[in-house]
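Step one of this worksheet: look at the structure below.
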Amino acid sequence: MSDLLADFLRYLAVERACSEHTVQAYRRDITQYLSFLDYQGDPAALAVDRQRLRRFLALARRDAFALAEGRPRKAALSERSLARKLSALRAFYRWLNRRGLLAADPSRLVETPRQGRPLPVFAEEGWVHRMMGLPDTTAPRGLRDRAVLELLYGAGLRLAELRGLRRDDVDLRGELLRVRGKGAKERLVPLQGEARRWLERWLAAAAPPGPAPVFAGRSGDGAIGRRTVQRLVEKYLGQVATLARVSPHVLRHSFATHLLERGADLRSIQEMLGHASLTSTQVYTHVSTEKLKAVHRKAHPRG
């Protein structure tokens, strides 16, 4: 069974071009499911009916696997987390079915948990401006940090997209970035203003030409680490923002929200973000609506 899982994860990474984050999340969810089947007495019983699959999701909802995994138990898993687990199992079963290892796919008969779409968390414009002034750009690391922050906010990149940028993806003269998004789909994103200026400074100072990563890791032969980027966003944005949690994705949300607030149309924002569906982009209209309501409550004499 472990060989099958390894083959499936390789398929996700190579053929589906899934991010490292997605591959690891699927690995955890499917490993948990296989442990559940093992506990049920038949670790090879992948051809289960939907009742057993529902039983697994019911246990997962109560975080019943926490003790076996050696971690504190949560009160309950969110519908969003359950939906992700089911998505991982569906992808795994679909892959098994296509390879002829299963005659039927029981996951098709299990309903996706209903989930409310959470509003994106974003930083206020003033916070972003103050954050950008924090790195010491006279030092190489500070210059790198400033370029990373400017790109995450100025181009609305996902963390995996930032890490995947190569020197030959950058067209300074044409003011464009070639970005490889989810599913290895490429898109062109404008590279202008402060993002272009600080990236140009970084490339001139540190990044080698050709296909090398724009932001290299410590060893110099690979991309900057996920955790390194997360830590630097936490370090700088955490100093100026009053948010419960900060992350690189907060800057992507801020990019989209601020564009919308300043009059950009949804279709253009969708294209820049690399969303397959306009529905994913429309969530930012709700953010702007909530902000308008807050302004009204604060400013209107009868609000």
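The values are calculated or read from the model by the stated rules, or taken from the named source; none is laboratory data. None of the values given here were measured: they were computed from a predicted structure. Positions of Cβ are generated from backbone atoms using ideal geometry, with glycine treated the same way; all protein chains shown enter the neighbour counts.
As a summary of the residue check, Ala17 satisfies the conditions (1) aliphatic (A, V, I, L, M); (2) modelled with pLDDT of 80 or more; (3) surrounded by 13 or more Cβ atoms within 10 Å (Cβ to Cβ); (4) over 30 Å from Gln230 (Cα atoms) except for the one numbered (4).
Filtering Gly164, Gly156 for residues that are within 20 Å of Ile224 (Cα to Cα), out of contact with any helix residue (DSSP H, G or I) (no Cβ under 8 Å at 6 or more places or on another chain), surrounded by 15 or more Cβ atoms within 10 Å (Cβ to Cβ) and of a type in the set (Gly, Ala, Ser) leaves a single hit, Gly164. All told, Leu237 meets the bar of being surrounded by 12 or more Cβ atoms within 10 Å (Cβ to Cβ) and at pLDDT 95 or above. The requirement of being assigned to a helix (DSSP H, G or I), in contact (Cβ under 8 Å) with a residue 60 or more places away in the chain and buried (at least 17 other Cβ atoms within 10 Å of the Cβ) is satisfied by Phe8. Scanning segment 260-279 for residues that are in contact with a helix residue (DSSP H, G or I) (Cβ under 6 Å, 6 or more places away or on another chain) and either free of Cβ contacts under 8 Å to residues at least 12 places away in the same chain or outside any helix (DSSP H, G or I) (or both) turns up Gln270, His275.
Look at Gln230 and say whether it is modelled with pLDDT of 95 or more, of a type outside the set (A, V, I, L, M, F, W, C), in the same structural domain as Leu188 (by TED's automatic domain parsing) and under 24 Å from Trp127 (Cβ atoms). So Gln230 fits the description; yes. Kindly evaluate Arg218 against the criterion of being under 26 Å from Gly164 (Cα atoms) and modelled with pLDDT of 95 or more. The answer is no for Arg218.
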